[in-house]
Amino acid sequence: MSKASRIVDMAVTADITDYAIDNYSLEDALLELELPTEWISNDEVIEAFNNGLIHTYIQEKISGAIDAYIIEDTEITQQQCNEWAILYQEPIRLQRLQINQEEREKAEQFSNPIKSGVRNLVAQNKELINGTAQAVVTEDITEMIAKLKSGNTEDILSVLVSQTLQLQSLTNKITQTAGNSNHYDIMQKFQNMQLKTMAETRKTVMAINEVINPKRTTFIKEASQHNHLHQNSQEKTHIKNELQAPEPVTEAEIIPLKERAQ
């Protein structure tokens, strides 16, 4: 067989495989390809056709189809299902795991707070964050959270300080722009913007101070309230006991009672 004939044969067998995947019978595939009908018993043709059926069987099993449905909808027989279930059990299992993992990762883009946040960052910075950079961002955010849990506030302080500097820079630009205008309405708008920016700067500075010097007033207030309630409870119990206790009877009160009885 020449090299040219082998290329033709490979193309024909590939076509037969495709027709099998498209759920043609072998006879119909040969008819569509205008091939001799006696090729139906050719080993290479049968192998090529079975390759298509195997592909279909594996895909159906990955999607969870049962043998009865596969036999009804395809050219696959029960005997082939029994044989291929054993031969291709591991590839089917691994492919199912991969699909499940892919579906899980897609869902986590919305349900997982970190991945959802990274997804938003990527959407806002498509030109800067590619697939590899996205993994780096996810890793860095996860590490930042771990630091915060351990009490290390260095990263969050860096964010807040950077935000403060950005707000200060914005305030300066607003001031310069307002100073270049002689129209009262325009100046008033810029002044309002400046006041808002200054308010945000103050909030950010207060947040920095809270991170560095966390307040204990909440704890002290709660403890004071607890002590006050406990003290009130003790006083109420003492008063209640005093009201319920009978008054003592003196000996002077007992003697007249005896005399009356006589």
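The values are calculated or read from the model by the stated rules, or taken from the named source; none is laboratory data. Computed from a predicted structure; not experimentally measured. We place every Cβ from the backbone using ideal geometry, glycine too, and count neighbours over all the protein chains shown.
Just checking, which of Ile99, Ile71 is on the phi < 0 side of the Ramachandran plot, free of Cβ contacts under 8 Å to residues at least 24 places away in the same chain and touching a helix residue (DSSP H, G or I) at 6+ places or on another chain (Cβ under 7 Å)? Working first, answer last.
On the way: Ile99 fails: free of Cβ contacts under 8 Å to residues at least 24 places away in the same chain.
Going through Ile99, Ile71 in turn, the sole match is Ile71.
If Lys149 satisfies all but one of (1) surrounded by 12 or more Cβ atoms within 10 Å (Cβ to Cβ); (2) closer than 27 Å to Val118 by Cα; (3) at pLDDT below 85; (4) out of contact with any helix residue (DSSP H, G or I) (no Cβ under 8 Å at 6 or more places or on another chain), what's the number of the condition it fails?
The number of the failed condition is (1).
Could you pull out the residue among Ile46, Ile16, Ile70, Ile40 that is of a type outside the set (S, T, N, Q) and within 43 Å of the chain's Cα centre (by Cα)? Please lay out each step first, then the result.
Numbers: Ile46 fails: within 43 Å of the chain's Cα centre (by Cα); Ile16 fails: within 43 Å of the chain's Cα centre (by Cα); Ile40 fails: within 43 Å of the chain's Cα centre (by Cα).
Unique residue meeting the criteria: Ile70.
Could we say that Ile70 is outside the structural domain of Glu143 (by TED's automatic domain parsing), surrounded by 11 or more Cβ atoms within 10 Å (Cβ to Cβ) and touching a His at 6+ places or on another chain (Cβ under 7 Å) here?
Details: outside the structural domain of Glu143 (by TED's automatic domain parsing): yes; surrounded by 11 or more Cβ atoms within 10 Å (Cβ to Cβ): yes; touching a His at 6+ places or on another chain (Cβ under 7 Å): no.
Taking the combined requirement at face value, the residue does not satisfy it.
Please determine whether any residue of segment 88-95 is within 30 Å of Val137 (Cα to Cα), without any contact (Cβ under 8 Å) to a residue 40 or more places away in the chain and in a helix (DSSP H, G or I). Show your work before the answer.
Within segment 88-95, the first condition is being within 30 Å of Val137 (Cα to Cα), and the residues that meet it are 94-95.
Now restrict to residues that are without any contact (Cβ under 8 Å) to a residue 40 or more places away in the chain: 94-95.
Those still in the list that are in a helix (DSSP H, G or I) too: 94-95.
Within segment 88-95, one or more residues are within 30 Å of Val137 (Cα to Cα), without any contact (Cβ under 8 Å) to a residue 40 or more places away in the chain and in a helix (DSSP H, G or I).
Among the residues of segment 171-216, write down those that are modelled with pLDDT under 80 and either under 41 Å from the mean Cα position of the chain (by Cα) or outside any helix (DSSP H, G or I) (or both).
Quick first cut of segment 171-216, residues modelled with pLDDT under 80 only: 178-187, 215-216.
Scanning segment 171-216 gives Asn180, Ser181, Asn182, His183, Lys215, Arg216.
This table checks each residue for (1) closer than 26 Å to Arg119 by Cα; (2) of a type in the set (Gly, Ala, Ser); (3) in contact with a Leu (Cβ under 9 Å, 6 or more places away or on another chain); (4) loosely packed, with under 13 Cβ neighbours inside 10 Å.
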| position | (1), (2), (3), (4) |
| --- | --- |
| Glu154 | yes, no, no, yes |
| Ser158 | yes, yes, no, yes |
| Val161 | yes, no, no, no |
| Leu170 | no, no, no, no |
| Gly179 | no, yes, no, yes |
| Asp185 | no, no, no, yes |
| Leu195 | no, no, no, yes |
| Arg202 | no, no, no, yes |
| Ala207 | no, yes, yes, no |
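If you scan segment 73-86, which residues turn out to be out of contact with any Ser or Thr (no Cβ under 6 Å at 6 or more places or on another chain) and buried (at least 17 other Cβ atoms within 10 Å of the Cβ)? I'd like the intermediate steps shown before the answer.
The initial filter retains those residues of segment 73-86 that are out of contact with any Ser or Thr (no Cβ under 6 Å at 6 or more places or on another chain), namely 73, 76-86.
Across segment 73-86, the qualifying residues are Ile76, Gln80, Cys81, Trp84.
Of all residues in segment 63-87, count the ones that are outside any helix (DSSP H, G or I) and under 22 Å from Ala29 (Cα atoms).
As a first pass, look at segment 63-87 and keep what is outside any helix (DSSP H, G or I): 63-66, 74-77.
Still in the running and under 22 Å from Ala29 (Cα atoms): 74-77.
Of the residues in that region, 4 qualify.
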